[in-house]
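For reference, the structure discussed in these notes is given below.
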Amino acid sequence: MTILRNLAATLLLIPFLALGSFAQDAEPAYPEPLGETVSDFAQALNATEEGRISRMLAEIHDATGVQIVVVTAAGLEGLNGGGMRLEAFGQALFEAWGIGDAEKNDGILILIDVTSREARITLGAGYDRVYDDRAARVLATTVLPDLRAGRLAQGIEAGVLSVRDRLVAPYLTGEPIGPLDGFEQEGAWGIPSEVGVAVVFGLFGL
């Protein structure tokens, strides 16, 4: 009888073990953020640069209530994002970290992979679709020129200021905007925006 009871208990336990394994496979354990504002997983910023960017982000949050987070990666494999496209990883990390106000869905993630030479901006669901295209233009006109020239910190800083002025400011006031408002026509490249709340931009050279 004891053997039968142990066998029955084992058989009952197997489905729970299988479900636990499936859940683990379905929900990768993404790394915890290295800070409230900047997570330089690529170790691409020196202490002075990181401190300067962190202060900018903290000041924007204090002034607007909007949380902007900057993340650098040296490939996605080390962040449990192996096999994922950057846009999918950015969205998954955004949700895993709960960036922004949970009720307003107003968070913003600036993600740069220095290995694949890709950058993207992921927006919370509180932003209208027109902001997707504006975010792509922020990357094109203010971030990518510095990244192509090998100036990572300067590109991030320029991007943060542009995000503040061209995304956060109109979002807070609720003023009607178009994708090209506030951009020079020659600089507003025709960049396709992703369906949904996230935007992806292509390659930059370092």
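The values are calculated or read from the model by the stated rules, or taken from the named source; none is laboratory data. Worth saying up front: this structure is predicted, and the values here are computed from it rather than measured. Cβ coordinates were reconstructed from backbone atoms using ideal geometry, including for glycine residues, and neighbour counts include every protein chain displayed. Heavy atoms of the whole protein, side chains included, go into the accessibility calculation; ligands, DNA and RNA do not. Shrake-Rupley method; radii C 1.70, N 1.55, O 1.52, S 1.80 Å.
Scan the range 107-115 and tell me whether some residue there is open to solvent by 20 Å² or more (accessible area, probe 1.4 Å) and among the small types (Gly, Ala, Ser). Spell out how you get there, then give the answer.
Residues of the range 107-115 that are open to solvent by 20 Å² or more (accessible area, probe 1.4 Å), as a first pass: 114-115.
After this cut, where a residue has to be among the small types (Gly, Ala, Ser) as well, the list is none.
No, the range 107-115 has no match at all.
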Next on the checklist: Can you tell me which of (1) in contact (Cβ under 8 Å) with a residue 60 or more places away in the chain; (2) of a type in the set (Ser, Thr, Tyr); (3) more than 14 Å from residue 168 (Cβ to Cβ) is the one residue 127 doesn't meet?
Outcome noted: (3)
Checklist entry - Is at least one residue of the range 100-117 aliphatic (A, V, I, L, M), without any contact (Cβ under 8 Å) to a residue 12 or more places away in the chain and under 18 Å from residue 42 (Cβ atoms)? => result no
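For the range 64-78, give me the residue count where each residue is in a helix (DSSP H, G or I) and not β-branched (Val, Ile, Thr). Break it down stepwise before answering.
Kept after step one, since they are in a helix (DSSP H, G or I), are these residues of the range 64-78: 64, 77-78.
From what is left, the residues that are not β-branched (Val, Ile, Thr) are 77-78.
Total satisfying the criteria: 2.
Within the range 79-131, track down each residue that is basic (Lys, Arg), in a loop (DSSP other than H, G, I, E, B) and in contact with a Gly (Cβ under 7 Å, 6 or more places away or on another chain). If you could, list the steps in order and put the result at the bottom.
Quick first cut of the range 79-131, residues basic (Lys, Arg) only: 85, 104, 117, 120, 129.
This time we only want the ones that are in a loop (DSSP other than H, G, I, E, B), so: 85, 104, 117, 129.
Those that are basic (Lys, Arg), in a loop (DSSP other than H, G, I, E, B) and in contact with a Gly (Cβ under 7 Å, 6 or more places away or on another chain): 104, 117.
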